[in-house]
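Just so it is clear, none of the values below were taken in a lab; they were calculated from the coordinates. Because the structure is predicted, anything quoted here is derived from the model rather than measured. No Cβ is skipped: glycine too gets one built from the backbone with ideal geometry, and neighbour counts run over all protein chains shown.
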Amino acid sequence: MNEINSSEELLACINLDDIKYLETGQISKYIFPLPRREAHKNKIPHLIVRLFAVSKNKNGETLYLVQKRSKNKRGYPLYFTDSASGHVIYEKNLDLTKIKENAVRELEEEFGINPNKIKKIKFFGLKIEEDQFTPEIAYIFYTLIDSNVKLKPNPEELEIHASRFYTRNELERLLSEEKVVPYAKKYWQEILNEKIDELFIDSQKIISSQKVALFLGRFQPFHLGHLYVIENILQKFEKIKIGIGSSQISRTINDPFTVEERKQFIHSTLNELGYKNRYEIYEIPDIFNSEKWVDHVVSIVGKFDVVYANSEWVRLLFEKRNFVVGEKLEKDMENYNASKIRKYISENRIEWERLVPETVKNLIYKFDGINLIK
């Protein structure tokens, strides 16, 4: 990351107690902006990206792009590290897609790699790191770069002669003999153990049937966008399993309704429409561990053929485990989203009523939902 005028950058920061919510994919609700200098001075946790890039030469040999940090870096000067890394810049509606854009930006800033040269980029995981100065929450990405890419290392960011593509043997020697940032060393070792062709292939299980679909959401509250998704799924599948996420959380600004109230939203709507025997509802409490979350969900809901979710975070977690992930089914997401509905209610704007089924509207009044959200 370019450190010139870096004090002017607004970092995406988060309170220590709220880091666990990042494991559920809820990002924008918990982050806040702080100037870089202030965040570091006060040791405020903040988000970073860490990207590991590989390529293949014309002979099919895998090459690994490794950066050697500049001697002017405050942390780990002259250490070998990832391909590119840096702070996530604060945005109001920050999500995983925008965080990925931060990673692409860093690769361009540090190695001059045009985004058009990126063939594949995959989210690998979320790691809480302690650098030498302050806690950082790292979003890890792996990327496959075009074989004919021309590197233009930025001398303000890295040591230009040692920052380059390495063969497998060269990287193995480097990891064993040179000074390497600990977190980066761990990830490079994991990448060396992977088959690169399989790492970036969009491999998913073959759909053996179209009997059961899983649809995941928090339903705070259930709205017409959710209903649109469910009815589209039921046109293709015999049954739908509906997983209510964050089931143990209620009576907060972002999660005002209890799981029982959310169940009633869904039951009242689907039963009235004649779907009574075609769905099941499951409670899925948060465990605040993204690596174990997919197994957690499966242990609760059992078997299914396809999973549907409009959350990019949820989709990526299931794709990473090679589950079949259905296409996004969206009904005017700009308006039909629970955050906007809660905002309308909190502002005494009656428009929220047209965004939810009539039965849900009546239940929200019955549950004193207006005052819950205010």
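Brief remarks on what is shown
- Pairs over the 32 Å Cα-Cα cut-off, from the set Lys122/Lys331; Lys195/Lys241; Lys92/Lys195; Lys239/Lys361; Lys120/Lys263: Lys195/Lys241; Lys92/Lys195; Lys120/Lys263.
- Under the criterion of Cα pairs below 8 Å and six or more residues apart, the relative contact order for the chain equals 16 percent.
- FRET efficiency, 1/(1 + (r/R0)^6) with R0 30 Å, evaluated for Asp295 and Ala162 via beta carbons: 0.15
- The GluC sites (Glu not before Pro) of the range 12-61 meeting both criteria, a DSSP state outside H, G, I, E and B (loop) and at most 14 other C-beta atoms within 10 angstrom of the site's C-beta, are Glu61.
- With semi-axes defined as the square roots of five times the eigenvalues of the C-alpha gyration tensor, the equivalent ellipsoid of the chain measures 42, 25, 16 Å, largest first.
- Most mobile of Leu144, Leu316, Leu234 in a GNM of the chain (Cα contacts under 10 Å): Leu234
- Neighbour-count ranking [beta-carbon atoms within 10 angstrom, fewest first] of Ser28, Ser176: Ser176, Ser28
- Asp95, Asp17 arranged by Cβ crowding within 10 Å, fewest neighbours leading: Asp17, Asp95
- Ratio of the Cα radius of gyration of the range 212-373 to 2.2 N^0.38 Å, where N counts its residues: 1.00
- Pairwise label distance in nanometres, Ser339 with Arg37, each label 7 Å out on the Cα-Cβ vector: 3.1 nm
- When each of Lys20/Lys343; Lys98/Lys320; Lys127/Lys152 is checked by Cα-Cα distance, pairs over 27 Å: Lys127/Lys152
- Subtracting the Cα-Cα distance of Leu78 and Lys186 from 0.36 nm times their residue separation leaves 37.1 nm of extension gain.
- Candidates per chymotrypsin sites (Phe, Trp or Tyr not before Pro) in the range 270-311, loop by DSSP, up to 13 other Cβ within 10 Å: Phe288
- Cleavage-rule hits, trypsin sites (Lys or Arg not before Pro), the range 74-159, DSSP coil, Cβ neighbours within 10 Å at most 14: Arg74, Lys92, Lys150
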